[in-house]
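Report on one structure; see the data block that follows.
The values are calculated or read from the model by the stated rules, or taken from the named source; none is laboratory data. Quick caveat: nothing in here was measured; it's all calculated off a predicted structure. So basically every Cβ, Gly included, is an ideal-geometry build from the backbone, and we count neighbours across all protein chains shown. The area values use the complete protein model at the heavy-atom level, side chains included, leaving out ligands, DNA and RNA. Shrake-Rupley method; radii C 1.70, N 1.55, O 1.52, S 1.80 Å.
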Amino acid sequence: MFKPSILLAGTLLACSVADAQIFQRELGDFDLKLGTTPSRSMAEGLVKPSSSGSFHGGLDLSHDSGWYVGQWAPSMGMSPSSELEVDSYMGFKESFDSTLGYELGMIHYSYPKSSLLDSQELYGGLTLLGSRFGAAFSSDPEKSNSTLFADLGGTQPFGIGISVKYTTHQLGSAVSIADGGYVSSFNDWAVKFSRPWMGIDLNLIYSDSNLSGGDCAAYSGHNTECDSLLTFKAEHSFY
């Protein structure tokens, strides 16, 4: 798999606690992006690099043929509460026309300065008539996840966008719960309704899982809460 090397050096140069930026330059048939904010989301929006520390950055190199490689460090591990993480990825993306395209790739998550074991993720995406669909499978020693994603951008009743994400989590070791039972797997999902308004992105998100009550002690999924939760978010980009 991928190993942190030259690309990581570029990542370190991109780190900044100031304004998030992306620097872009064309190198023949290649397009190089270097910055402190993620320059790419993968599987048509399903896999998105995240930032968990004050210092983060990365680079992305793509070719006109559709191939791309990159590294992203969501955390540089410069504070006692954070660990150095390096996410290395490669993939291929192609659009046949404005209505049809696809993407395939893989990511390797590594933690060079800790005892955490590396993990991998395979992903694929499809665009069809303005809508996006994605699937991803990730595996690590503690848990494997299979995720399906759909963003129905091609159909927006009343200008409202709808996206859905559903994940099956298989635990490496069953977790015991208070009533003496065990949880070895669970599912969670989220539905998001979004609409732009006066430069503000309005989002209404409903999330839930098949766990409830004492079973929630074993929950470690994508959602903020194990039980059903309705969240309203308003976001505005200033740059």
Exercise. Name, by its number, the condition in (1) open to solvent by less than 40 Å² (accessible area, probe 1.4 Å); (2) modelled with pLDDT under 90; (3) under 17 Å from GLU44 (Cβ atoms) that does not hold for GLY159.
Key: (3)
Practice problem: From SER39, SER75, SER65, SER5, grab the single residue that is open to solvent by 50 Å² or more (accessible area, probe 1.4 Å) and either modelled with pLDDT under 90 or among the β-branched types (Val, Ile, Thr) (or both). | Solution: SER5
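Need at least 1 residues that are in contact (Cβ under 8 Å) with a residue 60 or more places away in the chain per element, so show me which strands (runs of 3 or more DSSP E) inside the stretch 137-211 make the cut, counting only ones lying wholly within it. Quick ask: steps written out before the conclusion?
Details: elements: 143-151, 161-176, 182-197, 200-209.
Because the criterion is at least 1 residues that are in contact (Cβ under 8 Å) with a residue 60 or more places away in the chain, the strands (runs of 3 or more DSSP E) in the stretch 137-211 that meet it are 143-151, 161-176.
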Quiz item: When only residues in the stretch 79-92 that are open to solvent by less than 80 Å² (accessible area, probe 1.4 Å) and among the charged types (D, E, K, R) count, which is modelled with the lowest pLDDT?
Solution: GLU85
Exercise. Please specify each residue of the stretch 104-140 satisfying the condition of being within 18 Å of GLN170 (Cβ to Cβ) and open to solvent by less than 80 Å² (accessible area, probe 1.4 Å).
Key: TYR109, SER119, GLN120, GLU121, TYR123, ALA135, ALA136, SER138, SER139, ASP140
Exercise. Those residues that are farther than 10 Å from ALA217 by Cα and either of a type in the set (A, V, I, L, M) or open to solvent by 20 Å² or more (accessible area, probe 1.4 Å) (or both), I need them from the stretch 171-187; list them, please.
Key: LEU171, GLY172, SER173, ALA174, ASP179, GLY180, GLY181, TYR182, SER184, SER185, ASN187
Practice problem: Check whether at least one residue in the stretch 110-119 is assigned to a loop (DSSP other than H, G, I, E, B), touching a helix residue (DSSP H, G or I) at 6+ places or on another chain (Cβ under 8 Å), among the aliphatic types (A, V, I, L, M) and under 30 Å from LEU211 (Cβ atoms), and report yes or no. | Solution: no
Quiz prompt | the stretch 205-239, residues that are under 27 Å from ILE160 (Cβ atoms), touching a Ser or Thr at 6+ places or on another chain (Cβ under 9 Å) and among the hydroxyl-bearing types (Ser, Thr, Tyr) | solution = TYR206, SER207, SER209, THR224, SER228, THR231
Self-check item: Answer residue from the stretch 93-103, given it is without any contact (Cβ under 8 Å) to a residue 60 or more places away in the chain and assigned to a strand (DSSP E or B) and is surrounded by the most Cβ atoms within 10 Å (Cβ to Cβ) among those
Solution: LYS93
Quiz item: Checking MET76 against (1) touching a helix residue (DSSP H, G or I) at 6+ places or on another chain (Cβ under 9 Å); (2) under 26 Å from PHE30 (Cα atoms), which single condition isn't satisfied?
Solution: (2)
Quiz item: Which condition number does ASN223 fail, the rest of (1) buried (at least 17 other Cβ atoms within 10 Å of the Cβ); (2) part of a strand (DSSP E or B); (3) not acidic (Asp, Glu) being met?
Solution: (2)
